[in-house]
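Chemist: This structure is in structure tokens; I'll ask about it shortly.
Quick note: the coordinates plus some simple rules give every number you see, no bench work behind them. The structure presented is a predicted model; accordingly, all values stated were derived computationally and were not measured. Cβ coordinates were reconstructed from backbone atoms using ideal geometry, including for glycine residues, and neighbour counts include every protein chain displayed.
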Amino acid sequence: MGVAAAVILAFAVLVMVLSQPVYTQLMVCEDTASASKVIDLLESSDITYQTSTDGLVISVLEEQYSAARLALGAAGIPTQGMTIDDVTSGGFS
């Protein structure tokens, strides 16, 4: 009886772990003002996100990563290579 209970418990834990949503890091912002702009855009695009405890690292659901990058790109906010400060200060040269 004890082995069966252990197997059932292990299976329940495995199902719980595998059913957790997977988040992918979208970008690291330099300050909370930049992060706020990104979060506003994600919310307006109905993209699920989470932030780090300091609010500077933004991650999105793995299946929404491409949509998030496209939304940020359409708004002129690059997710790689430049910071949002570069964008707002005209740093596309």
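Chemist: With r defined as the distance between the Cβ atoms of L14 and T53 and R0 fixed at 22 Å, what FRET efficiency is calculated, to the nearest 0.05? List each step's numbers first, then the result.
Modeler: Details: r = 28 Å, r/R0 = 1.28.
Efficiency, from the Cβ-Cβ distance: 0.20.
Chemist: Please work out the FRET efficiency for the pair Q80 and V3, using the Cβ-Cβ distance as r and a Förster radius of 41 Å; give the result to the nearest 0.05.
Modeler: Numbers: r = 50 Å, r/R0 = 1.23.
So the FRET efficiency works out to roughly 0.25.
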